[in-house]
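Trainee: Have a look at the structure that comes next, please.
The values are calculated or read from the model by the stated rules, or taken from the named source; none is laboratory data. Predicted model only: the values in this text are computed from it and were never measured. When we count neighbours, we look across all protein chains shown, and the Cβ atoms used for this are built from the backbone with ideal geometry, even at glycine. Accessible surface areas use protein heavy atoms only, side chains included; no ligands, DNA or RNA. Shrake-Rupley method; radii C 1.70, N 1.55, O 1.52, S 1.80 Å.
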Amino acid sequence: MRPDTPRTIRLKDYRPSSHVITHVDLNVSLHPTETRVTAKLKINKNPASSQKSKDLILDGEGLDLKHIAINGTELTGKDFKRSDTSLRIAKVPDTFELTTTVIINPEANKALQGLYLSRGIYCTQCEAEGFRRITYFLDRPDILSTYKVRIEAEADEAAVLLSNGNPLERGTVAGGKRHYAVWRDPHPKPCYLFALVGGNLSSISSTFKTMSGRSVDLRIYVEHGKEDRAGWAMESLKRSMTWDEERFGREYDLDVFNIVAVSHFNMGAMENKGLNIFNDRLILASPDKATDAIYQSIEGVVAHEYFHNWTGNRITCRDWFQLCLKEGLTVYRDQEFSSDIRVRTVQRIREVRHLRAHQFPEDAGPLAHPVRPDSYIEINNFYTSTVYDKGAELVRMLATIIGEDSFRAGMDLFFDRHDGDAATIEDFLTCFEEAAGQDLSHFKLWYHQAGTPRVRCHTTHDEKRQKLTVELEQETPPTPGQSKKKPVHIPVRFGLLNADGEDLHKPVQGEPDTTSADLIHLTKKRQKFVFEDIEHCPVVSLFRDFSAPVVVDFDRSDADLEFLGTHDSDGFNRWQAINTLATRLIVGRIEKLKGATSTPTPSGLIRVLSTALEDDSLETGFKAELLKLPSQMDIAREIGAQVDPGLIYKAHKQVTATIGRKLAEQLEAVYKAMSSTATFSAEPEQMAKRALRNAALTLLTARGKDDDLKRLTKHYQRARNMTEAAHALFLLAGQGTAHSQPALDHFYRKWKKDHLVIDTWFAAIGQAPRASALANIKRALKDPAFDYYTPNKVRALVGSFAMHNPSRFHAANGSGYRFFADQIIHVDRFNPQLAARLLGAMGSWSVLEHNRRELARAELKRIAKTKGLSRDTFEIVGKMTKNSDG
Ligand code: BES
Ligand code: ZN
């Protein structure tokens with residue numbers, strides 16, 4: 001244990017702040033190593049505080065304090081006391097103006113929190129606690145202030161000077177040698193939403209007419225020469241603004257909306273008021289440089305950050321324990337946006353894939369925590385899939401339980417009642433209780449209880465009485481710090497299919513209060529739902545549209561799955577049935593490799609896929625999803641214990657090849673039919689075609705014949721856009737040198753000067769499942785295009801190795817773990833947030849088979865023992881190794 005064990009913050013310790021800051025007047029004079037920040041703060045004693053002390057304690061980290069004054073009178077050394085993280089001023093008046101001047105060093109800031117430089121551009125990241133690295137402040141989300149910001153810089157550095165709100169004034173000083181700009185944000189906001197950008201940037205612009213007829217100036221700032229790659233983001237922004245007006249009645253509230261793309265960013269993007277800052281990966285796109293996946297991410301993330309203007313900014317969080325109030329809700333909103341403008345079923349399949357791949361393992365491992373956590377050491381560690389994705393599922397369940405109309409009424413009430421507030425989950429839920437006239441106290445348990453509930457399903461049909469009984473039983477496994485779990489309120493959408501595959505639509509008997517057509521509510525540990533007048537046993541479709549974030553345990557025949565996979569009117573469950581068949585097949589293969597005598601037969605899966613491919617009524621994008629097999633990670637999760645990633649890799653490869661062979665003719669036809677010569681478009685129809693074509697290519701290539709590899713190379717060479725090129729590159733990178741090297745070399749030569757596109761090359765190397773993977777990765781780390789200080793690069797190479805290269809990462813000799821641990825230790829020295837996030841990739845180590853588990857444990861212990869470990873990594877590795885001695 002390190003000597004200075006970091007402090008744990010607890011929800012139950014929340015107290016209103018002793019003081020409030022009503023207005024902030026900031027003056028920032030930019031300089032690469034000595035930026036001067038003068039803050040004039042209007043401070044009042046907080047009437048809501050019960051604190052007796054008259055002292056004021058401000059947060060501040062890495063600040064070189066030059067001046068400090070109260071109401072214009074300079075303070076002396078005995079009036080205040082400083083520590084590494086705070087400034088305490090003794091006996092302040094009830095109302096006063098505090099002025100501080102500090103010097104900070106943006107160039108030295110490699111943690112990318114606070115003010116830093118990214119390829120010559122000054123930018124900020126303040127969420128969650130970065131503002132304290134810019135000036136002394138009450139850095140907590142329940143302190144809301146209006147801001148006036150003046151930025152000044154050398155003329156050649158100052159083509160663009162931006163902050164939140166509306167522009168007030170621009171000009172020059174020092175005989176034209178220095179530029180300045182003044183911004184005013186009239187909307188009171190917490191300091192985590194503060195932002196500033198300065199530098200030599202170019203921009204594209206557009207305007208948006210809001211629903212009340214106001215005109216908003218929209219602008220996206222990018223590096224010079226990249227303007228032509230910002231169009232899709234602008235398109236996405238305008239669609240988002242329209243959608244929020246139409247679907248939620250939310251209008252934008254400033255004269256300008258600015259987005260800036262920067263190359264150094266720890267996350268995806270940030271919703272600073274009126275000045276969103278983005279990882280350039282999520283802004284820049286053109287057909288030859290970005291894949292369809294990136295196009296869709298851009299659309300979704302631009303929407304997400306824009307939607308925060310109401311869910312996050314106008315209504316913010318009282319404290320960081322309420323993070324899901326803004327993030328879970330905003331993810332739900334961006335998912336609904338994508339569903340509305342693309343294909344809903346396909347979007348849902350993707351959401352659930354993502355949830356299962358990230359949130360389920362988190363919820364089942366040492367990092368499990370409730371959607372609303374009750375303690376943390378480092379808040380940056382709690383921007384998790386649980387808070388985001390499970391948080392979004394809770395909002396979705398809420399809408400399912402109370403119904404769409406009540407949900408919308410509840411949202412309206414929330415916006416109405418809490419506009420301008422720093423709110424809590426309780427505030428949020430109360431609005432829905434009132435709007436729906438329904439008690440949601442049972443539902444609320446979802447926010448407190450960690451772990452994924454498992455629902456066991458059993459059906460019986462009594463032919464004589466013509467009765468169908470559906471028995472459901474729920475159990476949530478224990479998680480760290482929570483052993484006993486209560487039953488939660490689980491909405492179950494369902495259907496009963498007759499022999500023709502049609503829905504029966506029968507009411508449930510006996511529980512009139514909790515049931516309605518096609519929706520039942522499981523609220524107890526065990527419950528029976530009875531349907532009458534059912535002559536023949538139907539096939540039961542449960543959890544349609546994935547109506548609750550649970551693991552469904554339903555032991556049903558391959559024949560039933562095949563039937564659902566062919567007939568279910570619910571697209572999600574149709575996909576689910578087929579996905580389950582594929583999972584069974586791969587797991588059966590693993591058993592076979594381990595020496596089982598029975599060989600699993602692929603015939604059911606082949607039949608159902610074949611039927612689907614011929615079905616003209618099915619969406620092309622849906623077909624593409626059907627052809628994507630469960631990933632190796634999905635299979636590992638299904639197995640759950642004593643996992644051998646080497647075997648999974650082998651079995652997965654064999655099954656992929658089998659399907660490629662058995663469906664060859666149809667896949668060839670699809671591959672041809674989906675090729676298009678039309679001009680590129682990012683609209684759903686074209687994207688779906690490319691996705692289906694790529695999926696067919698994956699299966700066909702898996703057969704591994706010489707002709708297949710030749711075709712793959714041709715696919716790469718003739719690619720008409722990055723979606724085709726990158727897909728082929730990733731497949732090629734996993735082949736022998738003769739096939740992989742020419743493509744990798746070609747891609748490198750073509751894109752090495754584009755710092756964004758070259759990350760695809762790093763990712764291809766990181767996730768290529770070859771024996772030489774680690775050697776190749778180590779060589780790539782020394783490539784001139786690699787840079788440890790750019791998180792995108794570390795994630796592309798090291799992150800994709802840990803997350804998408806299971807057979808090499810989990811190499812039986814432990815080389816993958818050793819390498820990864822070395823990388824974590826290195827990155828932790830300058831960017832703790834990035835290191836801690838990456839380390840999460842090892843969260844499921846305890847489900848591994850004995851040998852690998854021991855190797856992984858040893859590396860985690862080595863990380864834990866490292867001197868000078870950050871709070872971020874200390875917390876994550878501590879949880880991962882807790883109670884693991886032996
Ligand atoms: N507010 C977050 C960004 C953030 C996260 C800042 C953690 C500081 C610490 C932003 O709204 C967000 O959630 N971004 C996501 C993308 C989104 C589409 C889920 C991200 O950056 O990954
Ligand atoms: Zn967000």
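Trainee: Among 146-153, 81-88, how do they line up by average Cβ neighbours within 10 Å per residue, starting with the highest? Kindly include the intermediate steps, with their values, before the conclusion.
Mentor: Details: 146-153: 20.6, 81-88: 13.2.
Highest-to-lowest ranking by the protection proxy: 146-153, 81-88.
Trainee: Between residue 867 and residue 251, what is 0.36 nm times their sequence separation minus the Cα-Cα distance? Round to one decimal in nm.
Mentor: Difference between extended and current length: 216.7 nm.
Trainee: How many nm is it between the label spots at residue 746 and residue 217, if each spot is 7 Å from the Cα in line with the beta carbon?
Mentor: It is 4.6 nm.
Trainee: Per residue, how large is the accessible surface of region 277-386? Use a 1.4 angstrom probe and give square angstrom.
Mentor: For region 277-386, the solvent-accessible area averages 22 Å² per residue.
Trainee: Still on this structure: Mind jotting down a quarter of the surface of the convex hull over the alpha carbons of region 8-133, in square nanometres, one decimal?
Mentor: Computing the convex hull of the Cα atoms and averaging its projections yields 8.7 nm².
Trainee: Report, in deg cm²/dmol and to the nearest 500, the calculated mean residue ellipticity at 222 nm for the chain, where each DSSP H run with n ≥ 4 adds -39500 (n - 2.57) and the sum is divided by the residue count. Write out the running numbers ahead of the final one.
Mentor: Values: 29 runs with 340 residues, N = 886.
Taking each H run of at least 4 residues, the total per residue is -12000 deg cm²/dmol.
Trainee: Starting from the Cα-Cα distance between residue 224 and residue 15, subtract it from 0.36 nm times their residue separation and give me the gain in nm to one decimal.
Mentor: Full extension of this stretch gives 70.5 nm more.
Trainee: To continue, here is another question. Taking the Cα atoms of the chain, report the difference between the largest and smallest coordinate on each principal axis, in whole Å and largest first.
Mentor: Sorted largest first, the three principal extents are 89, 67, 64 Å.
Trainee: Sticking with this structure for a sec: With labels modelled as points extended 7 Å from the Cα through the Cβ direction, what inter-label distance (nm, one decimal) is found for residue 883 paired with residue 23?
Mentor: Here the modelled spin labels are 5.4 nm apart.
Trainee: Using the beta-carbon distance between residue 84 and residue 184 and R0 = 45 Å, what value does 1/(1 + (r/R0)^6) give for FRET efficiency, to the nearest 0.05?
Mentor: Plugging the Cβ-Cβ distance into 1/(1 + (r/R0)^6) gives 0.85.
Trainee: Be a star and scan region 311-340 for residues whose amide nitrogen sits under 19 Å from the point 7 Å along the Cα-to-Cβ vector of residue 683.
Mentor: In region 311-340, the label zone of residue 683 (backbone N under 19 Å from the point 7 Å along Cα→Cβ) covers 338-340.
Trainee: For region 740-843, just say rounded, prolate or oblate: build the C-alpha gyration tensor, square-root its eigenvalues into a ≥ b ≥ c, call rounded for a/c under 1.5, and beyond that prolate if a/b exceeds b/c, oblate if not.
Mentor: Oblate, because a/c is 1.5 or more while a/b does not exceed b/c.
Trainee: When the accessible area of the chain is split by element with a 1.4 Å probe, what percent falls to carbon and sulfur? Don't skip to the end; give the middle numbers.
Mentor: Numbers: 17430 of 35400 Å².
Carbon plus sulfur share of accessible area: 49 percent.
Trainee: Next question. Hey, what angle do you get for helix 850-865 against the long axis of the chain, alpha-carbon based, 0 to 90 degrees rounded to 10?
Mentor: 0 degrees
Trainee: Can you work out the Karplus-derived ³J(HN,Hα) for every residue in region 235-247? Use 6.51 cos²θ - 1.76 cosθ + 1.60 with θ = phi - 60°, whole Hz, and x for glycine or proline.
Mentor: Coupling constants for region 235-247: 4, 5, 4, 5, 4, 5, 5, 5, 4, 5, 5, 6, 8 Hz.
Trainee: So, R0 is 56 Å and r is the distance between the beta-carbons of residue 618 and residue 95; what FRET efficiency does that work out to, to 0.05?
Mentor: Once rounded, the FRET efficiency stands at 0.25.
Trainee: Pop out the Kirkwood hydrodynamic radius of region 371-524 from its pairwise C-alpha distances, inverse of mean 1/r, in Å to one decimal.
Mentor: Across region 371-524, the inverse of the average 1/r is 18.0 Å.
Trainee: Given the alpha-carbon gyration tensor of region 228-312, what are the semi-axes of its equivalent ellipsoid in whole angstrom, ordered largest first, with each equal to the square root of 5 times an eigenvalue?
Mentor: With the √(5λ) rule applied to region 228-312, the semi-axes are 21, 14, 11 Å.
Trainee: What does the highest-first list of 678-684, 621-627 look like by mean Cβ count within 10 Å?
Mentor: Values: 678-684: 13.1, 621-627: 22.0.
Ranked by mean Cβ neighbours within 10 Å, highest first: 621-627, 678-684.
Trainee: Using only Cα atoms, tell me the angle between helix 737-751 and the longest principal axis of the chain; keep it within 0 to 90° and round to the nearest 10.
Mentor: Taking the Cα atoms of the chain, the angle to 737-751 is about 30 degrees.
Trainee: May I pose another question? Calculate, for region 84-154, the solvent-accessible area per residue in square angstrom, rolling a 1.4 angstrom probe over the heavy atoms of the protein chains.
Mentor: That works out to 31 Å² per residue.
Trainee: While we're here: Report, to two decimal places, the Cα Rg of region 673-804 normalised by 2.2 N^0.38 Å (N = number of residues). Walk me through the intermediate numbers first.
Mentor: Details: Rg = 15.0 Å, N = 132, 2.2 N^0.38 = 14.1 Å.
That ratio works out to 1.07.
Trainee: Between residue 525 and residue 200, what FRET efficiency comes out of the Förster formula 1/(1 + (r/R0)^6) with R0 = 56 Å and r the beta carbon distance, rounded to 0.05?
Mentor: 0.35
Trainee: Indicate the gyration tensor shape class of region 480-614 (rounded, prolate or oblate), computed on the Cα atoms with a ≥ b ≥ c the square roots of the eigenvalues: a/c under 1.5 is rounded; otherwise a/b larger than b/c is prolate and the rest oblate.
Mentor: Judged from the Cα gyration tensor, region 480-614 comes out oblate (a/c at least 1.5, b/c at or above a/b).
Trainee: Within 10 Å, count the other beta carbons around each residue, average over each peptide in 307-318, 337-348, 392-403, 50-61, and list them highest first.
Mentor: Result, highest mean first: 307-318, 392-403, 337-348, 50-61.
Trainee: Please compute the contact order of the chain in relative form: average sequence separation of alpha-carbon pairs under 8 Å and at least six residues apart, divided by the residue count, as a percent.
Mentor: 8 percent
Trainee: Can I ask one more? For residue 460 and residue 830 in one chain, what is 0.36 nm times their gap in residues minus the Cα-Cα distance, to one decimal in nm?
Mentor: Extra length available between residue 460 and residue 830 comes to 127.2 nm.
Trainee: What is the angle, in °, between the Cα long axis of helix 706-717 and the longest principal axis of the Cα atoms in the chain? Nearest 10 is fine, range 0 to 90.
Mentor: On a 0 to 90 degree scale, this one is about 30.
Trainee: Once you place label points 7 Å from the Cα toward the Cβ at residue 448 and residue 536, how far apart are they in nm?
Mentor: 4.8 nm
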